[in-house]
Amino acid sequence: MQIDLLDTFLDLAETRSFHRTSDRLGITQSTVSARVSALEQAVGSRLFDRSRAGTDLTPEGKRFEPHARALRHEWNEARRRIQIPQGAAHLVRLGIQNDLAALYLGDWMAGFRQALPEAAFYIEPDYSNQMCADLLTGILDFAVMFSPKPHPDLHFESVGDVAYRMVSTEAGRMEEVTAARFVFAHFSPAFEEMHRQLTPGLAGATVSVGQSGSVVSLLTAMGGSGYVLAKTSDQLVAAGGFRLVADAPVLRQPVFAALHIRHRIAPLHRRLAQLVARHLA
């Protein structure tokens, strides 16, 4: 199966630009055109209208688009179904938000293995946007993330939240924390907005990172203050060298289970969501 024809069609349907699609897929514009022509010939209909104003799906292209997404997903699932490790009943490919992997993955996997002893697991820490893309294509079966990206083929549900607390090597109260000695965290767009609203005086920090572990690394090396996962803050304070900023607001990041819509009521996927929710309760 020439799955690259579907990949090119779906990317072009999103970008509406042969130039952008060629850049995103790492191929020439002539290759994009050739793949589109081959697919149009295969389905027997013109799928795109091309003009100086841009590229748009034809009515036939719009009708074909959901089928193309389903075909691509089915193809990737089929490939994975024949690559199951020996002795396992099935292979489950999991995505987990980068910031959660180090502290939560071990407990979650222990629960997954106990509940699903017949399954083999592949785990990929990543960011929300990429995990959404991988769920769409069938590369992942299930993901735990911070920032759902709405799509008609994806299903999201809240499974709880995680707390972040401000720690410092030098400050005990907010009045002692300065932007010049602060590491600003942007773990997700929602978290960043909440951070700015609740601590406006720190939004001008000149150092900003997207992972709790990176905040710890920077503070350990340079000193200062910043938000880290509550579990991490407990460990840092217990080990010495850090203290909680007592009157800093606790910031809570919602966590979501994500899966392809076709798996929304599948027992295995429901079980995974329930186990994550139980650990976050």
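The values are calculated or read from the model by the stated rules, or taken from the named source; none is laboratory data. Note that this is a predicted model, so its numbers are computed, not measured. Note that we place each Cβ from the backbone using ideal geometry, even for glycine, and neighbour counts take in every protein chain shown.
Things to note:
- Considering residues of the stretch 203-219 that are in contact (Cβ under 8 Å) with a residue 40 or more places away in the chain and part of a helix (DSSP H, G or I) only, the residue farthest from residue 160 (Cα to Cα): 219
- Taking first residues from the stretch 142-170 that are assigned by TED's automatic domain parsing to the domain that holds residue 249 and without any contact (Cβ under 8 Å) to a residue 60 or more places away in the chain and partners that are of a type outside the set (Gly, Ala, Ser) and not in a strand (DSSP E or B), the Cβ contacts under 8 Å between residues at least 6 apart in sequence or on separate chains come to 170/176; 170/181.
- No other residue among 123, 139 is in the same structural domain as residue 274 (by TED's automatic domain parsing), among the hydrophobic types (A, V, I, L, M, F, W, C) and assigned to a loop (DSSP other than H, G, I, E, B) apart from 139.
- Whether a residue is among the hydroxyl-bearing types (Ser, Thr, Tyr), more than 26 Å from residue 190 (Cα to Cα) and part of a strand (DSSP E or B) was assessed, and residue 164 does not pass this test.
- Condition check for residue 175: among the acidic types (Asp, Glu), farther than 30 Å from residue 247 by Cβ and more than 22 Å from the chain's Cα centre (by Cα): no
- Per-region count, the stretch 106-127, residues in contact with a helix residue (DSSP H, G or I) (Cβ under 7 Å, 6 or more places away or on another chain) and polar (S, T, N, Q): 0
- Top-ranked residue in the stretch 104-139 [being aliphatic (A, V, I, L, M) and within 28 Å of residue 232 (Cα to Cα); ranked as surrounded by the most Cβ atoms within 10 Å (Cβ to Cβ)]: 131
- Residues in the stretch 257-281 that are outside any loop (DSSP other than H, G, I, E, B) and β-branched (Val, Ile, Thr) were compared, and the one that is farthest from residue 116 (Cα to Cα) is 261.
- Hits in the stretch 233-262 - residues which are without any contact (Cβ under 8 Å) to a residue 40 or more places away in the chain and on the phi > 0 side of the Ramachandran plot: 240
- Odd one out for residue 30 among (1) touching a strand residue (DSSP E or B) at 6+ places or on another chain (Cβ under 9 Å); (2) modelled with pLDDT of 90 or more; (3) surrounded by fewer than 16 Cβ atoms within 10 Å (Cβ to Cβ): (1)
- Where a residue in the stretch 53-68 is aromatic (Phe, Trp, Tyr) and its partner, wherever it lies, is surrounded by 12 or more Cβ atoms within 10 Å (Cβ to Cβ), with Cβ under 7 Å and at least six apart: 64/43; 64/47
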